[in-house]
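The values are calculated or read from the model by the stated rules, or taken from the named source; none is laboratory data. Worth saying up front: this structure is predicted, and the values here are computed from it rather than measured. Methodologically, a virtual Cβ is constructed for each residue, glycine included, from the backbone with ideal geometry; neighbour enumeration extends over all protein chains shown. Note: areas computed on protein heavy atoms with side chains; ligands, DNA, RNA excluded. Shrake-Rupley method; radii C 1.70, N 1.55, O 1.52, S 1.80 Å.
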Amino acid sequence: MPDIAVYPGSFDPITNGHLDLIQRGLKIFDHIIVSVATNRFKQSLFSIEERMEMVRISLQDTPNVTIDTFNGLLVEYAKQQNARAILRGLRAVTDFEYEFQLAMMNRRLDPEIETVFLMTGLRWVFLSSSILKEAAVHGGNIEGMVPEIVYQKLRKKFGFA
Ligand code: ADP
């Protein structure tokens with residue numbers, strides 16, 4: 001049985017920080033399912049189709065990764081996918097509290113599925129989708145922080161040069 005992890009998130013949009021985490025995850029797991037969440041309370045900038053498309057194009061040359069969406073309970077979804085673990089990223093102390101609560105809730109819901117945290121690469125410790133959008137909407141230069149397809153989509157959305 002291959003060792004599978006589910007990497008869930010909003011990916012609104014996917015950034016180089018997410019991609020870095022996936023590359024690190026592939027050193028540990030045989031296969032990663034990048035799963036874009038649909039039923040979140042969070043308002044998203046990009047539709048689920050747009051987010052999926054950006055994830056798919058950004059990862060088209062990466063083997064051992066599949067792209068999916070999920071709604072409902074993450075632990076149940078992970079089990080259906082035969083995943084042994086949920087992969088999440090940590091950037092700074094500020095991520096810890098939320099991620100800790102989420103991991104504890106998921107453990108309570110299903111003690112069989114472990115949450116595995118990986119540290120981002122140093123280059124991306126400051127990078128989150130929300131800060132990125134904040135910079136992009138005000139015309140900040142976000143080149144080099146996101147895959148080309150995401151850069152183009154943000155450019156279209158916010159109309160910067
Ligand atoms: P969510 O809404 O589920 O937090 P995100 O797309 O914001 O979805 O993040 C998905 C996961 O990726 C989270 O665990 C988050 O901490 C992690 N992550 C996001 N950006 C980075 C980054 N720059 N480096 C490492 N991990 C990151």
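Compared with the dominant principal axis of the Cα atoms in the chain, helix 48-58 is inclined by about 90°.
Out of the total accessible area of the chain (probe 1.4 Å, heavy atoms of protein only), what percent is carbon and sulfur?
Carbon and sulfur together cover 53 percent of it.
Placing +1 on the Cβ of every Lys and Arg and -1 on the Cβ of every Asp and Glu, with no other charges, gives the chain a dipole of roughly 300 debye about its Cα centre. By the equivalent-ellipsoid construction on the alpha carbon gyration tensor, the chain comes out with semi-axes of 26, 16, 15 Å, ordered largest to smallest. Remark: spin-label model distance GLN23-LEU109 equals 3.1 nm, labels positioned 7 Å along the Cα→Cβ axis.
What's the tally of Lys pairs in the chain whose alpha-carbon atoms lie under 25 angstrom apart, where the two lysines are 8 or more places apart or on different chains? The result is 9.
To the nearest 0.05, what FRET efficiency results for LEU90 and ASN39 with a Förster distance of 30 Å applied to their C-beta separation? Intermediate results must be reported in sequence, preceding the final value.
Working: r = 24 Å, r/R0 = 0.80.
The calculated FRET efficiency here is 0.80.
Measuring with a 1.4 Å probe in the full set of protein chains, what accessible area per residue, in whole Å², belongs to region 34-161?
Values: 8020 Å² over 128 residues.
Normalised by residue count, the accessible surface of region 34-161 is 63 Å².
Between the listed residues HIS18, PHE100, GLN43, the Cα displaced farthest toward the positive end of the dipole of the chain, a dipole computed from Cβ unit charges relative to the Cα centre, is found at GLN43.
Between GLN60, GLY140, SER128, the Cα set farthest toward the positive side of the dipole of region 59-142 (charges on each charged residue's Cβ, about the Cα centre) is that of GLY140.
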